[in-house]
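First up is the structure itself, then whatever we jot down about it.
Values in this text are rule-based calculations from the coordinates and carry no lab data. Just so it is clear, the model here is predicted, and its values are computed rather than measured. When we count neighbours, we look across all protein chains shown, and the Cβ atoms used for this are built from the backbone with ideal geometry, even at glycine.
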Amino acid sequence: MAFEALQTRLDERVSADLYRQRRILQSAQRPEVVIDGRNCLAFCSNDYLGLAAHPELISALQKAASHYGVGGGASHLVNGHTAAHHALEEELAEFTGRDRVLLFSTGYMANLGVITALLGRNDVVLQDRLNHASLLDGGLLSGARFMRYQHNDIASLQQRMARVDADNRLIVTDGVFSMDGDVADLPALAGVAREQNAWLMVDDAHGFGCLGQTGGGCAEHFGLGQDQLQVLVGTLGKAFGTAGAFVAGSNLLIETLIQYARSYIYTTSMPPAVAEATRTSLRLLQQESWRREHLNTLISRFRQGCSRLGYRLMASQSPIQPLLIGDAGKAVAISRALEARGIYISAIRPPTVPAGSARLRVTLSAAHSEAQVDRLLDALADLSHMQQLGSGYHCSDLNGSEQETPDHAAG
């Protein structure tokens, strides 16, 4: 491809208001941050429980770095699997109620590793249309027959299941959908999997820490055990406040991944100090239930405030509260207008979300105060003249959409 063609592609993104730019964060992940030298109140971090800058996590990481050093040094199967990694795996297994857990360096690598290890050319993978890009990519790279069902639509899944005949079938879904904030109907999905002798895989990146009595995510929220939900994936860079990911399941599943998951076998382990810090965040996540309680209070306060202002939110009771704009240019304009008022919220645009559904992805954290949420609501009230957010759109308009599959990655 000629360099001129590359420039043309970039120019097209600029003209369509879809050009992405990195911003430089110059402070810790807290509600009050410094972005490109400017103080802002941020509502776009996935640090849902406010643990990323917790002093106990920082202390645990520093202490472990003094003992283990900084880098993992090698893959887990060479000499990169430390006592810190092993202890975290055992504690996560107990936390999730599964036989075993396997750590991965990122959530993307976990999803790629699982799907490509379990499936091949003669198998079938069925995925929700709004799944995260890592799940979609894993399905495509596996070589299995790839089918998508309508978002959170059990009848659509059943129709597609009836059209396939394969020994190995894997149903794959997000637990909490990263761009819409709604929750998958996991009991119904588990029922279909049981009836069809298929496996169910759930990426609960945005559910862990936020849902469930002890923060156990969607599986705990719905009371689904290992026999009903065979492959459970979680990331550590969101509510856990650290980095990396894990897969929880049976001994048979974990042994299979150790032998066949290429993204596990052929990569250096996460820094052991990060694993040790995550052991601290796992303890805090379970013990400090006030974080989830406060977070739920903020979610209700924000939704009620938006309702009073006439703004239409999507059907989400999670910390992800998208304000649907529609037009990408308008989403960018509102994001910039908020930043001018000292509030930082990224505009999420295609191909991350379907065409015509650009939005402000507001994310709330237990570290936010009610006063900070009120400040956001006041700013939205000031900007209501720019357009009625979400005007003409309903969640159902998107759920049944046959739009091109979004990337569901960065904005």
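Some notes on this structure:
- In terms of Cα atoms, the Rg and Dmax of the chain work out to 21.1, 60 Å.
- Net charge in the neighbourhood of residue 270 (other residues with Cβ under 13 Å of its Cβ; Lys, Arg +1, Asp, Glu -1) is -1.
- DSSP beta bridge pairing in the chain, given as percent antiparallel to the nearest 5: 55 percent
- The Cα center of the range 12-69 and the Cα center of the range 71-129 differ in position by 25 Å.
- Cα gyration tensor shape of the range 55-287, rounded if a/c is under 1.5, else prolate or oblate by comparing a/b with b/c: prolate
- Put in order of Cβ neighbour count within 10 Å, fewest first, the listed residues 78, 114, 34, 231 become 78, 34, 231, 114.
- Normalised contact order of the chain, rounded percent, pairs of Cα under 8 Å and 6 or more residues apart: 22 percent
- The label-point distance for residue 90 and residue 145, in a model that sets each label 7 Å from Cα toward Cβ, rounds to 4.5 nm.
- Residue-span extension gain [residue 330 to residue 154] - 0.36 nm each, minus C-alpha spacing: 60.0 nm
- With each label modelled as a point 7 angstrom along the Cα→C-beta vector, the residue 13-residue 317 pair spans 3.8 nm.
- Once the Cβ-Cβ distance of residue 22 and residue 300 is raised to the sixth power relative to R0 = 41 Å, the FRET efficiency obtained is 0.80.
- Residues in the range 134-158 that a label on residue 185 would reach, taking backbone N under 20 Å of a point 7 Å out along Cα→Cβ: 147-158
- Environment charge of residue 230, counting only residues whose C-beta is closer than 15 Å and scoring Lys/Arg +1, Asp/Glu -1: -3
- Full extension of the segment from residue 214 to residue 340, taken as 0.36 nm per residue of separation minus the current Cα-Cα distance, would add 41.5 nm.
- The length gained on full extension between residue 378 and residue 36, counted as 0.36 nm times the residue separation minus their Cα-Cα distance, comes to 120.7 nm.
- With at most 14 neighbouring Cβ atoms within 10 Å, loop trypsin sites (Lys or Arg not before Pro) (DSSP) excluded, longest segment of the chain: 164-411
- Think of it as helices only: each DSSP H run of n ≥ 4 in the chain is worth -39500 (n - 2.57), and spread over all residues that comes to -12500 deg cm²/dmol at 222 nm.
- Sum of side-chain charges, residue 366 neighbourhood, beta-carbon under 14 Å (Lys, Arg +1; Asp, Glu -1): +1
- Label-zone membership for the range 222-259, site residue 75, 7 angstrom Cα→C-beta point, backbone N under 14 Å: 257-259
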